[in-house]
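The values are calculated or read from the model by the stated rules, or taken from the named source; none is laboratory data. Nothing here was measured: the structure is a model prediction, and the numbers come from that model. A quick note on method: Cβ atoms are made from the backbone with ideal geometry, for glycine too, and the neighbour counts reach across all protein chains shown.
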Amino acid sequence: MPGKPRVLVDPSFRRMDEIFSPEDLHRLPEVVDVVWGKSEPMPLDSAVDALAGADAVVCSEWRYGNVLPQFEKLRAILSVSGAFPSRLDYAYCFRNGIRVLSAAPAFGRQVAEMALGMAIACGRGIVDGHAAMQEGNEAYLHAGNVGTFTLYEKQVGLIGYGGLARCLHPLLKPFGCRVAAYDAWLGERYLRRQGVTPLPLEELVSTSQVIFVLAVPSQENRSLLDRSLLEKIRPDAALVLISRAHLVDFDALTELLQAGRFHAAIDVFPQEPLDPDHPIRNALNVVLSAHRAGSVKEALWEIGEMVLDDLEAIGKGMPPLRMQRAEPELALRYASTRVKGRRTR
């Protein structure tokens, strides 16, 4: 690929200054020949014309139609969302050497940090304690800790052992937790080598004090935690829903939490924004967050760093190393992660 690669930079719904630091915005045209490079979406006809001569495209979603055969130079599609693009002909990409990349790794550390914080807040009753202080109904010392628990030396279950779990696992080590994991895509020996105990899902759910839902949504795991499994969660346990609501029967979860069956911390919902009248808002022993785990400045600027580093590698004829690559065995198994009113992280 002689000279700088020609790249269509069309990141909407992301803003350019949201994903690129001032330094990386300055560096971008030094690394590639930028086409468009604006926060608003490029007009579709113009974008398709530009793609005909592009080596790569930076986008949030593939919105250009079934036109890949027209783009003979195209070598990479870099998604700045937390998921791989839908409406993309992955089979064509794999056959023709077009790399499809996701910015998901940019969110791992930030989401793991939030998951740990929400688990502690849930177990220690921090949010309820704060609300009680504001209302003048606080209970002091032992009386204010009825039903709370610490994370130290507890049994922890990880549902999914992908990127999020691999970022969270080291954060749990100082607490001396006994960590188990369930992942339908990974072998038991691999999990043991990561320092976790593989368990069947039912056993993990019924024995863990804290359960982290971390798996990527796929065609196979919609409502993986159905009512029957949710009912097996211990009354003193906490469920931390941090990857996608896709994995949980949310209606059943809401009913069980309203009944006070266990604790929960929830950052993701089936529809976002959440209905103001949704009953989950009034459930007891629940910490709620408005899909905030990954959308912090450091994570978003890391997207720009990853994009630039991988575009630089592609321009040198080298493989990209920082973004997550779509794999033929998995690409068609991922479920759409869009929810009403919002895209991905």
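Once segment 234-249 is narrowed to residues that are surrounded by fewer than 22 Cβ atoms within 10 Å (Cβ to Cβ) and over 22 Å from the mean Cα position of the chain (by Cα), the residue that is nearest to Ser218 (Cα to Cα) is Arg234. Would a scan of segment 305-324 turn up a residue that is assigned to a helix (DSSP H, G or I), crowded, with 16+ Cβ neighbours inside 10 Å and outside the structural domain of Phe94 (by TED's automatic domain parsing)? No, segment 305-324 has no match at all. Within segment 271-288, the residues that satisfy the criterion of being more than 23 Å from the chain's Cα centre (by Cα) and in a helix (DSSP H, G or I) are Pro279, Asn282.
Number of residues in segment 157-178 that are within 15 Å of Ala238 (Cβ to Cβ) and out of contact with any helix residue (DSSP H, G or I) (no Cβ under 6 Å at 6 or more places or on another chain): the value is 4.
When Val100, Val127, Val35 are screened for being at negative phi, of a type in the set (Val, Ile, Thr) and more than 25 Å from the chain's Cα centre (by Cα), only Val35 passes.
Taking the criterion of being surrounded by 16 or more Cβ atoms within 10 Å (Cβ to Cβ), assigned to a loop (DSSP other than H, G, I, E, B) and out of contact with any Gly (no Cβ under 9 Å at 6 or more places or on another chain), would at least one residue in segment 176-186 satisfy it? Within segment 176-186, one or more residues are surrounded by 16 or more Cβ atoms within 10 Å (Cβ to Cβ), assigned to a loop (DSSP other than H, G, I, E, B) and out of contact with any Gly (no Cβ under 9 Å at 6 or more places or on another chain).
Listed here are the residues, each with its yes/no results for (1) closer than 27 Å to Leu332 by Cα; (2) touching a strand residue (DSSP E or B) at 6+ places or on another chain (Cβ under 6 Å); (3) free of Cβ contacts under 8 Å to residues at least 40 places away in the same chain; (4) acidic (Asp, Glu).
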site	(1), (2), (3), (4)
Asp33	no, yes, yes, yes
Asp49	no, no, yes, yes
Ala56	yes, yes, no, no
Cys59	yes, yes, no, no
Pro69	yes, no, yes, no
Gly82	yes, no, no, no
Phe107	yes, no, no, no
Glu113	no, no, no, yes
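Only a single criterion out of (1) within 14 Å of the chain's Cα centre (by Cα); (2) part of a loop (DSSP other than H, G, I, E, B); (3) under 27 Å from Ala121 (Cα atoms); (4) at pLDDT below 95 is not satisfied by His291, namely (4).
Determine if segment 295-304 includes at least one residue that is surrounded by fewer than 16 Cβ atoms within 10 Å (Cβ to Cβ) and more than 16 Å from the chain's Cα centre (by Cα). Checking segment 295-304: not a single residue is surrounded by fewer than 16 Cβ atoms within 10 Å (Cβ to Cβ) and more than 16 Å from the chain's Cα centre (by Cα).
For beta carbons closer than 9 Å, sequence separation of 6+ or different chains, a first residue in segment 125-139 that is over 14 Å from Val287 (Cβ atoms) and assigned by TED's automatic domain parsing to the domain that holds Arg281 and a second that is assigned to a loop (DSSP other than H, G, I, E, B) and of a type in the set (D, E, K, R), the qualifying pairs are Ala132/Glu138. Is at least one residue of segment 72-87 of a type in the set (Phe, Trp, Tyr) and modelled with pLDDT of 95 or more? No: segment 72-87 contains no residue that is of a type in the set (Phe, Trp, Tyr) and modelled with pLDDT of 95 or more. Considering (1) in a loop (DSSP other than H, G, I, E, B); (2) under 18 Å from the mean Cα position of the chain (by Cα), the lone condition that Leu164 does not fulfil carries the number (1). Take the residues of segment 250-270 that are hydrophobic (A, V, I, L, M, F, W, C) and either part of a helix (DSSP H, G or I) or not assigned by TED's automatic domain parsing to the domain that holds Leu201 (or both): which is surrounded by the most Cβ atoms within 10 Å (Cβ to Cβ)? Among residues in segment 250-270 that are hydrophobic (A, V, I, L, M, F, W, C) and either part of a helix (DSSP H, G or I) or not assigned by TED's automatic domain parsing to the domain that holds Leu201 (or both), the one surrounded by the most Cβ atoms within 10 Å (Cβ to Cβ) is Leu253. Residues that are in a strand (DSSP E or B) and of a type in the set (Val, Ile, Thr) within segment 94-108 comprise just one, Val100. For segment 48-70, the set of residues classified as more than 27 Å from the chain's Cα centre (by Cα) and closer than 19 Å to Gly37 by Cα consists of Val48, Asp49, Ala50, Leu51, Ala52, Gly53, Ala54, Asp55, listed by residue number. When segment 236-249 is limited to residues that are among the small types (Gly, Ala, Ser) and in a loop (DSSP other than H, G, I, E, B), the one that is nearest to Ala132 (Cα to Cα) turns out to be Ala237. Kindly evaluate Gln155 against the criterion of being polar (S, T, N, Q) and in contact with a strand residue (DSSP E or B) (Cβ under 7 Å, 6 or more places away or on another chain). The answer is yes for Gln155.
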